[in-house]
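What follows is calculated from the coordinates using simple rules that are stated; it is not laboratory data. Predicted model only: the values in this text are computed from it and were never measured. Positions of Cβ are generated from backbone atoms using ideal geometry, with glycine treated the same way; all protein chains shown enter the neighbour counts.
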Amino acid sequence: MSEEDWKQLPLIARSNFWLEIDGVVVLSQWRVRLLKTIAQTGSISAAARHLEIPYRLAWQRVHEMEERLHTPLLASKRGGHGGGGSALTPVAEELIRRYERFAKGLDEVVNSHFHDAF
């Protein structure tokens, strides 16, 4: 294949970045989306419905993040007459801000390297 042939291919680079502790995922784009959806909807169950995932999966991922980071990410209020709910802790809000600052521009870097290669 010539260099021009390579340039004509409709290839698109995709990337996904996540943060780990001891080789185990702590934060990813998907987990940030989950946390932000919990903040928007006010509960894990509403966020799970919105994201079309099982409640158990959403709860497990939040619990995993909290365990690995050794800090609560949600402040929950018990159900009852007015219903329960969850809000992000200040640590969770800062974690999201830092992840988004880290991720900002990474797609451009990946695409730049991709275009250099292809």
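3J(HN,Hα) along the stretch 6-14: 4, 5, 7, 5, x, 7, 10, 7, 10 Hz, from the Karplus curve 6.51 cos²θ - 1.76 cosθ + 1.60 with θ = phi - 60°, whole Hz, x for Gly and Pro. Annotation: lysines with alpha-carbon distance below 28 angstrom to residue 7 (same-chain offsets under eight excluded): 104. With the simple model of a label 7 Å out from the Cα in the direction of the Cβ, residue 18 to residue 106 spans 1.1 nm. The phi torsions of the stretch 27-42, fed into the Karplus equation with coefficients 6.51, -1.76 and 1.60 and a -60° offset, translate into couplings of 8, 8, 4, 5, 5, 5, 4, 4, 4, 5, 6, 4, 4, 6, 8, x Hz, rounded to whole numbers, with Gly and Pro shown as x. Length available on full extension from residue 57 to residue 29: 0.36 nm per residue minus the Cα-Cα distance, which gives 8.5 nm.
Over every Cα atom in the chain, the radius of gyration and the widest Cα-Cα span, Dmax, amount to 18.8, 70 Å. Normalised by 2.2 N^0.38 Å, where N counts its residues, the alpha-carbon radius of gyration of the stretch 45-101 equals 1.21.
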